[in-house]
Amino acid sequence: MSNKELTLTKTHDYCKSKKPQLGVVLIHGIASDSSTFEKALHYLEDLDALKNVRFITFDLLGSGKSLKSDELNYDYEEQLTALNNSIKDLKLNVPLILVGHSLGTFIVTRYASTFGKEISKLVLISPPVYTEADLDNPLFEKGMQAFKDAVSLKDRKILQEKAFNNSMKNVVLDRKNYKVLSGLKTPAVLIYGAQDQFISGYNIPALLKNNKEYLRAIETDGRHGVSQDKYYRLGEILEEDLNAENI
């Protein structure tokens with residue numbers, strides 16, 4: 001399969017209204033799939049204020065119901081191509097917000113930096129942003145190994161293990177991630193927990209200082225997952241955008 005033919009499997013597509021005013025695509029993190037957003041979607045889609053929002057989820061390549069192949073590299077080029085093809089297939093005619101969790105924050109950020117004119121906003125939930133100094137630190141390397149060890153791959157197939165390892169190498173640990181966020185020209189809201197064990201606390205304030213025009217952050221008391229403290233804030237952000245569209 002050529003890159004032009006790559007697509008992601010759509011796992012959820014719902015709008016309470018027959019006339020959506022806003023599209024929201026949610027992209028999950030590493031060693032996971034779109035079910036990450038199950039509780040969040042149940043909450044968001046039950047809000048009357050968001051009845052005109054069309055919520056869509058996809059499984060990334062190598063995850064859930066999407067393509068898994070030993071011919072894939074599971075890098076930015078493949079994931080972005082598949083995401084772009086999948087978004088085009090939606091034939092949206094309303095503003096689009098991309099929501100990413102963890103690894104998904106890098107996918108949607110890089111997507112916006114490539115196809116920025118098509119995206120009205122990003123919401124980055126628990127973005128594990130690392131500087132080049134972090135990546136060169138031996139202690140950081142030990143921390144990443146501890147994370148890999150904590151994610152049990154014993155019951156995974158070989159191709160899924162490749163997807164995990166390559167996603168870490170080619171996406172999460174890509175040395176350009178911090179620079180791309182610093183230079184982002186798409187409005188983005190970072191939602192992160194004060195107790196998040198995978199975030200360097202000093203990196204997000206530094207990012208905000210470097211890109212005051214396009215980045216803002218909301219700190220909650222949670223950890224790394226897509227928990228209530230995160231999706232409550234997401235609901236507020238979406239409601240703000242809907243109200244802005246209707247002014």
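The values are calculated or read from the model by the stated rules, or taken from the named source; none is laboratory data. Treat the numbers as computed from the prediction; the structure is a model and nothing was measured. All Cβ positions, even for glycine, are placed from backbone atoms using ideal geometry, and neighbour counts span all protein chains on display.
If you go through the stretch 55-84, how many residues are of a type outside the set (D, E, K, R) and more than 17 Å from the chain's Cα centre (by Cα)? The number of residues fulfilling the criteria is 4.
Is there a residue in the stretch 31-45 that is at pLDDT below 95, closer than 29 Å to residue 203 by Cβ and touching a helix residue (DSSP H, G or I) at 6+ places or on another chain (Cβ under 9 Å)? Yes, the conditions are met somewhere in the stretch 31-45. Summed over the stretch 86-126, residues that are outside any helix (DSSP H, G or I) and either farther than 19 Å from residue 235 by Cβ or among the aliphatic types (A, V, I, L, M) (or both) total 15.
I'd like to know if the stretch 131-145 contains one or more residues that are in a strand (DSSP E or B) and of a type outside the set (Ser, Thr, Tyr).
Filtering the stretch 131-145 down to residues in a strand (DSSP E or B) leaves none.
No; the residues of the stretch 131-145 include none that is in a strand (DSSP E or B) and of a type outside the set (Ser, Thr, Tyr).
Among residues belonging to the stretch 50-85 that are more than 20 Å from residue 111 (Cα to Cα) and in a loop (DSSP other than H, G, I, E, B), point out the one that is modelled with the lowest pLDDT. Checking each candidate, the answer is 70.
Would a scan of the stretch 38-48 turn up a residue that is under 18 Å from residue 107 (Cα atoms) and under 16 Å from the mean Cα position of the chain (by Cα)? No, the stretch 38-48 contains no residue that is under 18 Å from residue 107 (Cα atoms) and under 16 Å from the mean Cα position of the chain (by Cα).
Of all residues in the stretch 199-247, those satisfying the criterion of being of a type outside the set (S, T, N, Q), within 22 Å of residue 34 (Cα to Cα) and not in a helix (DSSP H, G or I) are 199, 222, 223, 224, 225, 226. Of all residues assigned to the stretch 27-44, none qualifies as being part of a loop (DSSP other than H, G, I, E, B) and touching a Lys or Arg at 6+ places or on another chain (Cβ under 7 Å). Every listed requirement among (1) out of contact with any Gly (no Cβ under 8 Å at 6 or more places or on another chain); (2) modelled with pLDDT under 95 is met by residue 99 save one, (2).
In this structure, is residue 166 surrounded by fewer than 18 Cβ atoms within 10 Å (Cβ to Cβ) and either touching a Ser or Thr at 6+ places or on another chain (Cβ under 9 Å) or hydrophobic (A, V, I, L, M, F, W, C) (or both)? First the steps, then the outcome.
Working: surrounded by fewer than 18 Cβ atoms within 10 Å (Cβ to Cβ): yes; either touching a Ser or Thr at 6+ places or on another chain (Cβ under 9 Å) or hydrophobic (A, V, I, L, M, F, W, C) (or both): no.
So residue 166 fails the test.
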